[in-house]
Amino acid sequence: FSEDVVVEGIKLKRFRVVPETFSSSRSDAKTFGMDQMKQEGLFNLTDLMTGVTYFSKPHFRPTAPFDMADIGGLAAFDPARDDSYLDVEPVTGKTMNANIQLQLNVGTTPGAFDQFHKTVYPVKALPVLHVAQHASVVPFDAKFFKRMVYGTEKLIKLTTIVSACLGAFFLVVGLGLIMLHAIRHGAAVAAAEAGRARGGEETVKAYPYDDV
């Protein structure tokens, strides 16, 4: 995850390719022979292709020592335009916007077979193909999505708020009734005790104790 973005009014979470993807330090480097290559920024495809082949970010960015971002005539690498990312809608988990850009490179001839290798090809790979794919939700579908998902979400929030308010109201009313019942019950008990006390006094006066 890198940042929050908004596409066609839809709030999305942007996920980018982690730097370890093009690194020989990745945990499964041996699977792709990258532990033998020892070149940061290149993903080794040699075992899957007929020749020495690598994937990298466009312009080899940021692959030292042959980053092409500063070469005259080439546009500088712009992460928002040239990097690969997926924009995911968090409620549904659907990808609403995606930009995939990779550079396919071929390995250069080793110096043992080309005496001009060090001066002509001072790097391990040269770019041969730039792969770019972009897809995004269209306005019509975005409008339908917002009506169906956000509309339902708003209804759920409204229902939750109303239910919470009603619950609090009934709780207060219930507590009030309980307190009123307790007060009345206490008053009735006090009145009954007072009545018994008065009745006892009158009995004593009406039937006094006589030793004779």
(message) Taking the criterion of being open to solvent by 60 Å² or more (accessible area, probe 1.4 Å), assigned to a helix (DSSP H, G or I), at pLDDT below 85 and farther than 30 Å from GLU40 by Cα, would at least one residue in the range 139-147 satisfy it?
(response) yes
(message) Condition first: in contact (Cβ under 8 Å) with a residue 12 or more places away in the chain and closer than 25 Å to PHE144 by Cα. Now tell me which residues in the range 1-30 satisfy that.
(response) VAL5, VAL7, GLU8, GLY9, ILE10, LYS11, LEU12, LYS13, ARG14, PHE15
(request) Go through LYS94, LYS124, LYS118, LYS57 for me and flag whichever is among the basic types (Lys, Arg) and at pLDDT below 65. (result) LYS118
(request) For residues that are within 23 Å of ALA132 (Cα to Cα), open to solvent by 30 Å² or more (accessible area, probe 1.4 Å), part of a strand (DSSP E or B) and of a type outside the set (Phe, Trp, Tyr), tally how many sit in the range 1-60. (result) 5
(request) Would you be able to tell me the number of residues in the range 89-104 that are farther than 16 Å from PRO19 by Cβ, open to solvent by 30 Å² or more (accessible area, probe 1.4 Å) and assigned to a strand (DSSP E or B)? (result) 3
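The values are calculated or read from the model by the stated rules, or taken from the named source; none is laboratory data. Please read all numbers here as calculations on a predicted model, not as lab measurements. A quick note on method: Cβ atoms are made from the backbone with ideal geometry, for glycine too, and the neighbour counts reach across all protein chains shown. Only protein heavy atoms, including side chains, enter the accessible area calculation; ligands, DNA and RNA are left aside. Shrake-Rupley method; radii C 1.70, N 1.55, O 1.52, S 1.80 Å.
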